[in-house]
Every structure is written in structure tokens, then in C-alpha cells.
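Okay, structure first, notes after.
The values are calculated or read from the model by the stated rules, or taken from the named source; none is laboratory data. Treat the numbers as computed from the prediction; the structure is a model and nothing was measured. Positions of Cβ are backbone-derived with ideal geometry, glycine not excepted, and every protein chain shown enters the neighbour counts.
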């Protein structure tokens, strides 16, 4: 799987937007960009995924750079419940079965 | 909303003992996975399972590990002779198909402590 790079930690205030960056300069044309998060003492949870176009769902938005070498997960209004480790993961045709987790970004949300 | 469940939530065992961790995947899902997370470390893939056989396994998944779908609802991970380094959170996951774009649904995990 192609490698991703994320900041170790980020901090946000409640009710404010959060932009979580991910670099994936070696992404291949068939790799999908996935985001999962892991709340404290819980299993990972799917957030969103995309290929080339920006994506929105009820949890977040995903902005993908035109060259696809980076992406940004956007939480429009952070809540305390959004405090978690966020993982950016690439999945391509050769590794459909597994998710390969990195260290992710620990998001702290201040009240 | 359907969810993946795991039992027990916490298992304590003596080194050398066998343990079986149980998972009930989402009912219409066909692909099943086990991951583990040692305290303070990354989530690591162990094995994937489809159509009653292992699809892929990592180097962690050695002969001490086995998986089984004994009936239509359960998916189990067995560790034959536990070691201290097997202490970790074990997460089961399932998905309705496998592709580069489908999501996996994770259970809450079983904390395994080997003494």
C-alpha cells in the first residue's frame, strides 16, 4: 500500500471547523483515499472515502487535491465527541482485503 | 443500525493457555477480518476470511492463530498457546463486499491480557 503522512496531533476548539491534512505523494491512479477514526477505547470507524472528486457525507467532507497527492478531511463544526485519532488510508486494487493503518492524527477538541 | 459485536470485552489468561475470541459480524456481510492493537501502537491487520477460507494473512498470523466461522453468525479467532506479547486489543471487522472503496465495520474489541 502507498504510504500516507499525517501530523501527529492537532487541536481545535468546539464548534469550529477542523482541517486534517494527509500527504500521499506516491498514490497510484487506482488508489482510493479512505478516512477512519478511532474514538478513545473503541474500534476504528469509517468516516469517508473518495477517488478524485471532493466528497461530502453526514460526518465530514473530503477535499482531494487536483494531483491527488494530498487530501484534507474537513469536520465542519467540531464537537467534543470528535476527539479521536484520524487515519488516512489508501486502498488500491492490489490490497482490497486489508486496511493498513498508520499512526494517524490525534485530534484534541477544546470546550 | 446493525453493528459488529465481540465477546468477551476483556479476557485474562495465563501464558500458554488457549483463548478463543468471538465476533458476530453484521448479518448480510460476507467478508470478515481480525486486527489487533498493542497498547499505544498502530492497528495491525491479522487476517481476512471469505467463503470459509483465509483470503489474506499477515506475518503476525502464524501457526498459533486460527480463524473459524463455526456457524452462520459467529467468527472466531483462536490463539493456541498465548504469549505475553499477544496482549492487545483485538478487533473484528466485516464488510458486505471487498473492493478498494467499500467500508469495513469494526466491533468494539476484546482486550486480551496474558499474564
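Odds and ends about this structure:
- Residue A:34 vs. criteria over 22 Å from residue B:35 (Cβ atoms) and touching a strand residue (DSSP E or B) at 6+ places or on another chain (Cβ under 7 Å): no
- Whichever residue in segment A:48-58 is in contact with a strand residue (DSSP E or B) (Cβ under 9 Å, 6 or more places away or on another chain) and within 14 Å of chain B (Cβ to nearest Cβ) and, among such residues, is nearest to residue B:111 (Cα to Cα): A:48
- Output for segment B:1-26, where each listed residue is at the interface with chain A (Cβ under 9 Å from one of its Cβ atoms) and either over 16 Å from residue B:70 (Cβ atoms) or part of a loop (DSSP other than H, G, I, E, B) (or both): B:4
- Boolean, residue B:79 is modelled with pLDDT of 95 or more and in contact with a helix residue (DSSP H, G or I) (Cβ under 7 Å, 6 or more places away or on another chain): yes
- Count - residues of segment B:27-45 that are in contact (Cβ under 8 Å) with a residue 40 or more places away in the chain and either in a strand (DSSP E or B) or crowded, with 17+ Cβ neighbours inside 10 Å (or both): 9
- Count of residues meeting criterion [more than 13 Å from residue B:48 (Cα to Cα) and away from chain A (no Cβ under 14 Å)] in segment B:60-113: 20
- When residues of segment A:2-47 are limited to those that are surrounded by fewer than 20 Cβ atoms within 10 Å (Cβ to Cβ) and within 10 Å of chain B (Cβ to nearest Cβ), the one modelled with the lowest pLDDT: A:30
- Scope segment A:59-89; condition under 22 Å from residue B:59 (Cβ atoms) and more than 9 Å from chain B (Cβ to nearest Cβ); matching residues: A:89
Every residue, every condition in (1) under 22 Å from residue B:94 (Cα atoms); (2) within 14 Å of the chain's Cα centre (by Cα); (3) surrounded by 13 or more Cβ atoms within 10 Å (Cβ to Cβ), yes or no:
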{"position": "A:58", "(1), (2), (3)": "yes, no, no"}
{"position": "A:62", "(1), (2), (3)": "no, yes, yes"}
{"position": "A:71", "(1), (2), (3)": "no, yes, yes"}
{"position": "A:75", "(1), (2), (3)": "no, yes, yes"}
{"position": "A:80", "(1), (2), (3)": "no, no, no"}
{"position": "A:86", "(1), (2), (3)": "yes, yes, yes"}
{"position": "A:104", "(1), (2), (3)": "yes, yes, yes"}
{"position": "A:109", "(1), (2), (3)": "no, no, yes"}
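- Any hit, segment A:90-103, residues being within 14 Å of another protein chain (Cβ to nearest Cβ) and over 17 Å from residue B:102 (Cα atoms): yes
- Taken together, the criteria exclude residue B:73 from residues that are outside any strand (DSSP E or B), in contact (Cβ under 8 Å) with a residue 24 or more places away in the chain, farther than 30 Å from residue A:49 by Cβ and more than 10 Å from the chain's Cα centre (by Cα).
- For segment B:9-37, the set of residues classified as more than 26 Å from residue B:98 (Cα to Cα) and in contact with a strand residue (DSSP E or B) (Cβ under 6 Å, 6 or more places away or on another chain) consists of B:10, B:11, B:12, B:13, B:15, B:19, listed by residue number.
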